[in-house]
Structure formats: C-alpha cells, structure tokens
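What follows is a set of notes on a single structure, which appears directly below.
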Amino acid sequence: MADVTFLDKLSTQLINDYGSSLPDVVIVLPNKRAKIFLLEALKKQLSTTVFAPSIISIEDFVQNVAGIRSIDAIELLFEFYSVYLNITPKDKQQPFETFANWAKTLLQDFNEIDRYLLNPAHVLSYLKDIEDIKHWSLDLDNRTSMIENYLEFWKLLPLYYESIYNHLLNKGTGYQGLIYREAVKNIHHFSNAFTKGQMIFSGFNALNAAEEKIIQHLLSVGQAKIYWDIDQAFLNDPYHDAGLFIRRFKKEWKQYAGQSFEWIVDEFSQSKNINIIGTPKTVGQAKIAGELVEQFQQQSHSLDRTALVLGEENMLIPLLYSLPKSVGALNITMGYSSRNNPAQLLIQKLFKLHTNALNRNEKSYTLYYREVLDILTHPLVEPYAGAKELLEIINRDNFTFFSLDKLFALHGNASPFFKLLFERWDSNAGTILARLSEILIALKGFMSADDEEDKITKAFLYSIFKVINKLINYYEAYPQMDSLPVLYSIYKQVIDMAEVSFEGEPLSGLQIMGVLESRVLDFENVIITSMNEGKFPAGKTQNSFIPYDVKRELGLPTYKEKDAIYSYHFYHLMLRAKNIYLLYNTESEGLDAGERSRFLTQLEIEKKPKHTLKTGIYNAFLPDKAYEPMVVPKTPKVMERLKEIATGKGFSPSALTGYIRNPMQFYYQRVLRIREVEEVEESIALNTLGTIIHGALEELYRPYVDKFLATHNVDAMTALADDEVMRQFVLVYKEGEIKKGRNLLAFEVAKRNVHNFLKQEKQQLLNGDTVKILALEKKFERLLEDNRLPYPVMIAGNIDRIEHRNGRIRIVDYKTGKVEKGNLVLKTWNGLPTDVKNEKIIQLLTYAFMYEPNNDGLETEAGIISFKNMKSGFMNFSYKDNHDKGAATQDFVDSEMLEEFKTQLVLLINEILNEEIPFTEVI
C-alpha cells in the first residue's frame, strides 16, 4: 500500500487508545472487504498476540441494531405480489409479469423513503396530488375510465406501502430501508443493551438520514467515535463535490461544536504523476492498462501497491487477456456479470428454444433450426451431445422448421444428455427448473477435477446452479410462478444476481476492482478505466416514480448526490497515490462511446502546484500494410497433386477461370480439395436458384434430345414447367421452407425465368429457326497435347446445352446473373488469360475447344443466355480485331481461332504448372 494509508493510521489510533482492550472494540466500515486489510494493518503494528476487534460492515451493523433479517430482491417481489393480491379487487389484479415491471421501481422508492426517514403517507399522497393536477382534477366531467384507473393506482400507494411494511415486519424480515427505519426506532434499546467498550465508525462519506441518526445518537451517549478520511482541499472548497457530504456533517452535527473533527488530511496536494490517456474503444483501454501493469512490475518487481479500477464491469475479460504473463498473484474483487457467463447463455438459449417451440405449435412443438444449432454448437454442449451427424443432416438437407418428433427421428441414437436438452417442456415451472438443474449437474459430471480450464467452467456452472436452486425454493413457496412465460421473466430478473466470484489472494499482487470496492483502501499506483461521461460518473439515471423536484424538496438523493459520491470515490483513489493513470475512450459514437469525464477537466483546471499532469492520445500500432497477400510455394507435393489433376480428372473451364480470379481459391478448392462448409440456406442463394433453373430446363428438354423441336413440344414443356420447378426446388432445397416469405418470391422468379425462356424458344421456332438438341448437361473431355506443355493435359467439364441450329453448332451456357453482350467481345488475343474480365470468353472458348472433335466440321457458335437479360436472347462470343479497323466481326469459332486460343490456354496452364510461380492471393 501507500506510505501511510488510512487503515495504517486507524490501526495506530486503535492500538494507542485501546491497547489490550482491543477485543472490546467494534469497528464499523463502509464495506466487508476492508476488514481483511484492517486486520493486516493491525497485525503489522502489534508485537504481541491479542484477540482481534469485531469488524463489521455498516449494513450488517444496522441489521444487528434492528434485529431484522434482510430479504433478497426477488423474494421481496413475491412477498409484495402476495400482499398486492390480498388488497386489490380481483377484477383489477394484474398478472405477475406486468406487476413486476412497476413493482420493482415502487419498492426502490419505498426503500429511499425509509432510508431517509420520510413520512410515507405525506410523500405518497403528494405524488397522488401531483398526478391529480396533471390530469385536470377540476374538470371531473371529462375524465376517462383510463385516467380514473391511473389515478386509482396513485391513491393506492400509501396502502401498498403500509401493507408490505407490516407484512414483512410480522415475518421478521425486511428490505434495506425498512431495516434502517426500524434500527432508528430501536437505537435506544440497542444502546442500553450494548456491553462492548466502544464503537468506531471509520472511512464514511455519504450517509443516509437513518445512518446519520444512529451514528449521532451513539456519539452523543459516548459509545462511539467517528474517523473521516477527507482532504482539506475538498473540505475547504465550498463547491467541490468530493467534500459535499462531509462539509455538511461538519457544519450541522452538534457534536462538532465542542469536539475536534477527525481526520482532515493534506495528501491530495502532495506530488503526483497524473496521466490522462485517451484511446479508441474498450479494447484500447485494456491494452494500455496491460502495458502499464507490466511497467509497474518491472519498476518495483511487485504489484502489491497497484490497483486497477474498472469504471465498467464489461472491461474485465478484455483486461484479463491484456495482462502480461508475468503477473502472478491476482485478486479480482468485482464479480463477473452473469450476462456473459457461458452457462447462463446456455440456459437462456434453452428458454428461447422451448418457449418459441410451444408458441409456434403446441401440438407438434415446432423447432427452428437456428435455435437448435445455437444449443448444439454451444461450447458447453458440443463436446458431449454426440450430435455431429445430426448437425450435418440439418445443414445438408436444409431443415428450417421441424417438429420435436422429427428431431429425434433424425438423431436416432440420442444420448440421455441430448434428451435432457431437447425433450418437451411442459408448462409446470417446477418440472422445468428440475430439468435445468439436471442439465447443469450433467455438465459438471463431464468436467475434469484437475483441469484448470474446467475449474473456471465449474465456477460458471455453480453460479447459475445456485440461481436455479433459489428459483426452485421460490417455486415451492410462491404459487404465482406457475407458467413458462412467468418463469422466464423471473429468471431474466434474478439472473443479474448470479455473479461469478473469482478466487484470489486479497493481500498480495495486482488488485482488480470496481469503484465501490475501492472504499477505505489506498494504493501507490492507480489505473482507472472508462473515464467517460455516463460511465464515470454514471449519469442521470432516474429509475423512480418520485420526480426530481420532489426529491430535492424532500431531501432525497438525486443524480447530483450520486455524482458527488462518485466524485469522492474518484478523488479518494488518488488521495495517497503517487502514479495515476486515467484512461478514457476517445470514440464519440458507438455503444461504449461518450465524451470524456468532467472529472478529467476538473483535474486539469484545479491542478495543484506539485502535480505533474500529462495528457495524450494513444492509437494502436498500425503496420505500413494492413494485410499481406498469402503466398503458397509449389512444393514437390503440390506439383505431384497438380499433375494428378492435369492427367486425371483434368482442368475444367470453371477451374481455369477460378485460377484467373484468385489463385488461392484454386489452391484451396482444387489442390487441397477443401469444400465450402454446408450450412442451412434459410433464404435461397443465387447459386441455388441457378441450380434449380438449370435442373428444370434439363428435365423439360430431356425427352427431345436428338429430335428437332416443334412449337407443340414447347407448349408441352410450358404445361409441365411449374411442376418441374417445384420438383427441382424440393430436390435441391430439400426440407427448406419454400411456401412463404423470400423463398416464395424466389420460387416465382424461377418459374418466370423458365417460362420466359420457353416463350423465347417458341417465338424463334415461329420465326423459322430449326433446332435439334444434341446434348444437355453433358460432360466432355479433350486431351490438350502441345510440345510447349510438360505433359498432355486433360480439359474436361459439363456443357449446359449443345444444339444444331440453322446449320450451325451452338454451345449454350446458362447464367442466372446478368451478362451483357459487351462482356463476350474479344478485341485482342494478347493477355487473354491475365484479365479477369475475360473469364466468360475463356469459359466459352474452352467449351468450343472440348467439343471441336465432335462438330463434324460445322461452324460453331458459343454463347450465353442470361436469365437477368432475357431480352438480349442468345449472346454469342465474337472476335473484332482491335488493330484492323476495317476487319469484320467474326461471330463463330473456327479451327484457326481455336489454335489462337490454344496458345493462350497453354500459357495459362504453364503458369499453373510452373513450380517457380507460387499461388498468390488476389486481394
């Protein structure tokens, strides 16, 4: 810790004043955590063994004075609901979910009224009068029943307060405010019965009215002493928020008329190195904090005097990843929020799946594939569910919605754990909770006792297991939790209490804490993150039925007082520190953004002479190049695989154009044989739509292969088209939903494309075309032999359609996307394989090259029919010599042209087979 901390000073005072009678002293601190540090401070100063004094937090002390047990927030809500049902007419009673939304806020207001010892009848009737005036109480004739019901609610507030207060009091339990009010009533009795020597209140700042009254009474009868920890810089400045409360106590408490006020210190004005650092985003702050911790460790070889205070708890995980590996001892005194706890996320996903399944179809219990996959791929489930084949089936067959029976039919050998996850939930909350408890116990059973990672996972599981057990207890005590929706809404409210507590050594190593955990403690090196408005201080959150001006009038705390509390904590953290680093997010937009905290500006304006204050902006290191293209050399193994392709299956036109587009794609798909991951297509993708249209046209034209087409053949195909498109959809899209939404539109588009194609075909026949279909979706192969190649290379691939039309061979390639005629005009052979714009030309000429041995010397034309450009009809490849302005355009492919193309093809294949040229990624 710092040179002389507040707790060191307190322990010196205690030993000097009480010596051997130390065990008779009761020390009351703002929180439980400071107890360990005070005991350590006492230990350092004691040379003999003595019994320790009683050290207690203020909340526990007030509970002892009142003699009432504290009730937790969810139990309080249930108790309030049972009271509400007793005093509300049946026709006006609300279901629990609706009630809970306003009851939580109302209970918070009751709590504040009691903590500040206000007259509840006065405050609550005041609120009723305000609402009455708002709704024009004088104009009684124009009141609607809705306004009447609304005003009725405000009239009932005093009754609600009185009923819940008396109900809890009779049970010997209460919320914090009730306990405080009863403690004030009981303070004389407690004071008379107090047998210990002395009570010491230390390290306090803001006190509510009840705490003030209790402490003042004990001071007045000589049973207590109070030690503040306030710097004169804050106390003597009438406008400084850090001294707001203690200034008032010093001025108003009558004890200080004749007694000295202890302790006023002069620490803040001493020399300090203060660094204000702005950096983009939360992760930037975590990185800088990690570097600073490493710096402190190198300087002093210990982190015992270093505190890392997080302005917001979601910084914890990125921060832990940013800490240097050399950090050994670590103590995290802030709980990790349940929101990101993997066990909690699993329970939430189970609630979502089963709630939605029940709502979609109660009888068949319809599941949605994405919700099923969310559970099966969850890191706690995937290793133990044994559902790898099921995942493949769902992805392969495009299941989107399916019944529970279908799920178990698909996964024939379901394990007991799989059944626990997916078997139907009924509407009984007790059964659901028992099932969730079983799931968590089963997961614990899969964990190893020695594995470090499993220990962390067990901590996550245990925190949620405790919550589920608590809910089971509530269910047995409160019949209101009687359905799945109510249980889910209660679970969402109660889960916020399920923080994961980390193990650590509180007295050594780096201390990572939240703002409130830092009370009473002093450190030499302090790093504070999230110094932005809305984070530090927290901002103007108003979760109350009592308006701001009424709070001001009645003396209840507003955001002004809350800011003053933050101000005290902030300045107290810096009070005895030597090195202070204040980090804030420079981003002004985004979820975690906001302007920098007013506290930073205040520090700069009110800079003390001995303070060294530096400000700076730190950006992450950016390399000169954001990304280096991937380069894969052609090793002997790769060359062996390329030869295997070239002399075996061969290079297809799509493989060659794929290489031109991106050699790395060619390497992954052809050399390494890596296929794309199969995923459920919820909406039909463009390539799937293309497959469906191709398949439909192939099946419709198949009966007419080797026959001349007539118009009545096209009419027959038109009549079958809709059914064939549907058949292809089912064949390709399998179990996917095709009767609604975007997929229905895609289905209609596919039908329209097929009908437009057939319509165009019929018109051409009517215009006198003679058409004989020679092949559909047929594979062709041709060996490319050339002395410029290292060995003969096979060129092979499927051609969509080949026909004999008007004395020419026509090779047709269907394209679902849009193609313009300009894409198919070649102006020069030079550099043909190097430009990706030529990919369609290369594809067509490769088809012509493959088919050349079969064309019987006839002129061949190769072209594309684009379904998004049907008005252009068949667009054929053509050649127009760029150098000869007078040359005619050639719209067919002859042997001379194929020889030219062969040269270009050899160049391309030689590049692929050249071991000196690596596969280089195109960005």
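The values are calculated or read from the model by the stated rules, or taken from the named source; none is laboratory data. The shown structure was predicted, so the numbers you read here are calculated from the model rather than taken from an experiment. Quick reminder, even Gly has a Cβ in these numbers, built from the backbone with ideal geometry, and neighbours come from all protein chains shown.
Numbers for the structure displayed
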read-out: The listed residue being out of contact with any strand residue (DSSP E or B) (no Cβ under 7 Å at 6 or more places or on another chain) and at pLDDT 90 or above, out of GLU453, GLU438; value: GLU438
read-out: Filter result (in contact with a Leu (Cβ under 7 Å, 6 or more places away or on another chain), within 24 Å of GLN344 (Cα to Cα) and not in a loop (DSSP other than H, G, I, E, B)) within segment 374-406; value: ILE375, LEU376, GLU382, ALA385, LEU391, LEU404
read-out: Residue list for segment 415-435, restricted to those being assigned to a loop (DSSP other than H, G, I, E, B), without any contact (Cβ under 8 Å) to a residue 24 or more places away in the chain and either touching a His at 6+ places or on another chain (Cβ under 7 Å) or under 20 Å from ILE394 (Cα atoms) (or both); value: GLU423
read-out: Failed criterion for GLN94 (all others in (1) closer than 26 Å to GLY19 by Cα; (2) part of a loop (DSSP other than H, G, I, E, B) hold); value: (1)
read-out: All positions within segment 354-372 that are free of Cβ contacts under 8 Å to residues at least 24 places away in the same chain and in a helix (DSSP H, G or I); value: ASN356, ASN359, GLU371
read-out: Test: residue in segment 441-448 that is exposed (fewer than 13 other Cβ atoms within 10 Å of the Cβ), under 15 Å from PRO342 (Cα atoms) and at pLDDT below 85; value: no
read-out: Any hit, segment 458-469, residues being farther than 29 Å from ILE71 by Cβ and free of Cβ contacts under 8 Å to residues at least 60 places away in the same chain; value: yes
read-out: First in segment 234-257 and in the same structural domain as SER202 (by TED's automatic domain parsing), second anywhere and β-branched (Val, Ile, Thr), Cβ under 7 Å, 6 or more apart; value: LEU235/ILE246; LEU235/ILE264; GLY243/ILE230; ILE246/ILE230
read-out: Exclusive hit being without any contact (Cβ under 8 Å) to a residue 60 or more places away in the chain, in contact with a Phe, Trp or Tyr (Cβ under 8 Å, 6 or more places away or on another chain) and either surrounded by 14 or more Cβ atoms within 10 Å (Cβ to Cβ) or assigned to a helix (DSSP H, G or I) (or both), set ALA41, ALA103; value: ALA103
read-out: Subset tally (residues that are without any contact (Cβ under 8 Å) to a residue 24 or more places away in the chain, not in a loop (DSSP other than H, G, I, E, B) and not aliphatic (A, V, I, L, M)) for segment 765-797; value: 1
read-out: Residue within segment 222-234 that is surrounded by fewer than 19 Cβ atoms within 10 Å (Cβ to Cβ) and more than 23 Å from ASP522 (Cβ to Cβ) present; value: yes
read-out: Helices (runs of 4 or more DSSP H) contained entirely in segment 630-677, each with at least 2 residues that are within 27 Å of TYR814 (Cβ to Cβ) and among the hydrophobic types (A, V, I, L, M, F, W, C); value: 653-661
read-out: Residue count for segment 832-889, restricted to those that are in a loop (DSSP other than H, G, I, E, B) and within 50 Å of the chain's Cα centre (by Cα); value: 5
read-out: Failed item, numbered, when ALA343 is tested on (1) outside the structural domain of PHE417 (by TED's automatic domain parsing); (2) in a helix (DSSP H, G or I); (3) not β-branched (Val, Ile, Thr); value: (1)
read-out: Residue, surrounded by the most Cβ atoms within 10 Å (Cβ to Cβ), within segment 528-585, restricted to residues that are closer than 30 Å to GLY616 by Cβ and aromatic (Phe, Trp, Tyr); value: PHE536
read-out: ILE512 vs. criteria within 25 Å of GLY243 (Cα to Cα) and either of a type in the set (A, V, I, L, M) or assigned to a strand (DSSP E or B) (or both); value: no
read-out: Tally, over segment 729-781, of residues that are of a type outside the set (Val, Ile, Thr) and within 30 Å of ASN806 (Cβ to Cβ); value: 28
read-out: Residue within segment 261-272 that is in contact with a strand residue (DSSP E or B) (Cβ under 6 Å, 6 or more places away or on another chain) and polar (S, T, N, Q) present; value: no
read-out: Close pairs from segment 331-350: first without any contact (Cβ under 8 Å) to a residue 40 or more places away in the chain, partner charged (D, E, K, R), Cβ under 6 Å, at least 6 apart; value: LYS349/ASP374
read-out: Given (1) outside the structural domain of PRO790 (by TED's automatic domain parsing); (2) more than 30 Å from LYS578 (Cβ to Cβ); (3) in contact with a helix residue (DSSP H, G or I) (Cβ under 8 Å, 6 or more places away or on another chain), index of the condition LEU613 fails; value: (2)
read-out: Pairs where the first residue, in segment 270-294, is over 17 Å from THR306 (Cα atoms) and outside the structural domain of ILE317 (by TED's automatic domain parsing) and the second is aromatic (Phe, Trp, Tyr) and part of a helix (DSSP H, G or I), C-beta under 9 Å, 6+ apart; value: none
read-out: Residue match in segment 559-570 (condition: over 31 Å from the mean Cα position of the chain (by Cα), over 30 Å from THR306 (Cα atoms) and in a strand (DSSP E or B)); value: no
read-out: MET630, sole failed condition from (1) farther than 30 Å from LEU303 by Cα; (2) at pLDDT below 90; value: (2)
read-out: Check on ILE468, at pLDDT 80 or above, assigned by TED's automatic domain parsing to the domain that holds ASN359 and in contact with a Ser or Thr (Cβ under 6 Å, 6 or more places away or on another chain); value: yes
read-out: Unique residue being among the acidic types (Asp, Glu), within 24 Å of the chain's Cα centre (by Cα) and assigned by TED's automatic domain parsing to the domain that holds ASN359 when the list is ASP426, ASP482, ASP454; value: ASP454
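Yes/no matrix, rows are residues, columns are (1) surrounded by 15 or more Cβ atoms within 10 Å (Cβ to Cβ); (2) not in a helix (DSSP H, G or I); (3) not acidic (Asp, Glu):
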| site | (1), (2), (3) |
| --- | --- |
| PRO23 | no, no, yes |
| ASN31 | yes, yes, yes |
| VAL65 | yes, no, yes |
| GLU75 | yes, no, no |
| TYR81 | yes, no, yes |
| ASN86 | no, no, yes |
